[in-house]
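The values are calculated or read from the model by the stated rules, or taken from the named source; none is laboratory data. Computed from a predicted structure; not experimentally measured. Cβ placement follows ideal geometry from the backbone for every residue including glycine, while neighbour counts extend to all protein chains displayed. All accessible areas refer to the heavy atoms of the entire protein, side chains included, with ligands and DNA or RNA removed. Shrake-Rupley method; radii C 1.70, N 1.55, O 1.52, S 1.80 Å.
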Amino acid sequence: MAGPTPLPSILEITPYKGGEAPKNGQKLSSNENPLGFSPDVRAALERASVHLETYPDGHATALREAIAGTYGLDAGRIVCAAGSDEIFALLGRAYLSPGDNIVQSRHGFLVYSLIAQQAGAKVISAPETDLRADVDAILDSVTDRTRIVFLANPNNPTGTYLPSDEVRRLHSGLREDILLVLDGAYAEYVRRNDYSCGFELAGEAPNVVITRTFSKVHGLAALRLGWAFGPAAVIDVINRVRGPFNVSALAQAAGIAAIGDTAFVNASVDHNTGELARLCSGLAGKGRDIAPSVCNFLLIRFQGGPPAAARADDFLRERGLYLRRLEAYGLPDSLRLSVGTRQANTAVLEAFEAIDDRMPA
Ligand SMILES: Cc1ncc(COP(=O)(O)O)c(C=O)c1O
């Protein structure tokens, strides 16, 4: 017997492969927080663990209020989910039909295309300029079947960003029936005066949604917690399609504690700023190009092409340093390195010195 048949497009999906978690060695492949998470979260989790028999607040009210208070937003226009990945999936479920398309930049975050494929929608990838999203190319890629434009800003895996005037230009070139999703997973790390994650735009436009996550600067990737801010009508739609208890009580309690611990967030960002600069200057040159990252990771491009990237990756793994290969992103000549602890970063710099001696690319 043939068994049940899924939607045809589902079988075309290549399942997402996360960064490898080595038993021994440094995981520098998933852009996690090398400082861990706030001690306030540990205490909050203990308190929240006392009553696991009761369902959580299905509206994550206290968490939405904590987020709203932190960023000066309207809590009624925030929805929480099991990671920002779940928000993308909910948007896909609500707004995409077979034959529609999404537009993203050439090296956009992989999950967007998975969401499109789940719905039977096509993925249009707009060319980038110097590994940066190109507003004109994105606008040129839009068709009458485009329903969502996804922009990770800053973008993973390139680490590059668009300044807010460029994001506004992108928005003003889109039809109002196209949803612009601005994914600010790494927003906290960006220290540029011309950057904004887009709260203002999402506050005033009927078709802009901002997504944010607790997985990165708050160090809570294991708990799965993200949120979206956007027009009341879009938030209402997400609330209709999400599961009634999609965010666990533990994640809600942890999120409230994490967002309240600004000292931990600041320490994480400070660590990242210093270490990113140290890595960038230490790794540049010697047959390698470093994309200008504003995040907690950086893209190393090997002038020797895919064989040089593969050789470097093998060499680093032998030394217990696990970076991310980027074939799935169409960047087989590159590796993505997450900023680690000071000690791990020093080990990476030393290993790259040795690679250079052994096998100039
Ligand atoms: C650009 C981008 N958006 C979203 C996510 C997913 O975040 P979450 O853990 O909230 O699902 C990631 C994770 O790597 C990311 O790089």
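Just a few scattered comments:
- Positions within region 85-101 being away from the ligand (no atom under 13 Å from the Cβ), of a type in the set (A, V, I, L, M) and either under 11 Å from TYR112 (Cα atoms) or in a helix (DSSP H, G or I) (or both), in sequence order: ALA94
One line per residue, one yes/no per condition, for (1) buried (at least 24 other Cβ atoms within 10 Å of the Cβ); (2) at pLDDT 95 or above; (3) in contact with a Phe, Trp or Tyr (Cβ under 8 Å, 6 or more places away or on another chain):
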{"position": "TYR195", "(1), (2), (3)": "no, yes, yes"}
{"position": "GLY198", "(1), (2), (3)": "yes, yes, no"}
{"position": "PRO206", "(1), (2), (3)": "no, yes, no"}
{"position": "ILE210", "(1), (2), (3)": "yes, yes, yes"}
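- So GLN303, is it polar (S, T, N, Q), farther than 30 Å from ILE78 by Cα and open to solvent by 10 Å² or more (accessible area, probe 1.4 Å): yes
- Filter result (among the polar types (S, T, N, Q), farther than 15 Å from LEU316 by Cα and more than 12 Å from the ligand (Cβ to nearest atom)) within region 14-32: THR14
- Cross-chain or 6+ apart pairs with Cβ under 8 Å, region 1-15 first and without any contact (Cβ under 8 Å) to a residue 40 or more places away in the chain, then of a type in the set (D, E, K, R): none
- Test result for ARG175, away from the ligand (no atom under 14 Å from the Cβ), more than 24 Å from LEU114 (Cβ to Cβ) and modelled with pLDDT of 95 or more: yes
- Neighbours by Cβ (under 7 Å, 6+ apart or cross-chain): first from region 123-142, over 19 Å from ASP165 (Cβ atoms) and of a type outside the set (Phe, Trp, Tyr); second open to solvent by 40 Å² or more (accessible area, probe 1.4 Å) and part of a strand (DSSP E or B): SER141/ILE124
- Residue within region 18-37 that is over 22 Å from the mean Cα position of the chain (by Cα) and at pLDDT 95 or above present: no
- Filter result (open to solvent by 30 Å² or more (accessible area, probe 1.4 Å) and not hydrophobic (A, V, I, L, M, F, W, C)) within region 100-133: ARG106, GLN117, GLN118, LYS122, SER125, PRO127, GLU128, THR129, ASP130, ARG132
- Of all residues in region 102-134, those satisfying the criterion of being in a strand (DSSP E or B) and of a type in the set (Lys, Arg) are LYS122, ARG132.
- Residue pairs meeting the criteria (Cβ under 6 Å; at least 6 apart or on separate chains; first within 20 Å of ILE124 (Cβ to Cβ) and in contact (Cβ under 8 Å) with a residue 12 or more places away in the chain, in region 72-99; second open to solvent by 30 Å² or more (accessible area, probe 1.4 Å) and outside any helix (DSSP H, G or I)): TYR95/ARG147; LEU96/ARG147
- Matching residues, region 328-349, being open to solvent by 40 Å² or more (accessible area, probe 1.4 Å) and modelled with pLDDT of 95 or more: PRO332, THR341, ARG342, GLN343, THR346
- Any hit, region 49-64, residues being polar (S, T, N, Q), in the same structural domain as PHE315 (by TED's automatic domain parsing), open to solvent by 60 Å² or more (accessible area, probe 1.4 Å) and over 22 Å from PHE199 (Cβ atoms): no
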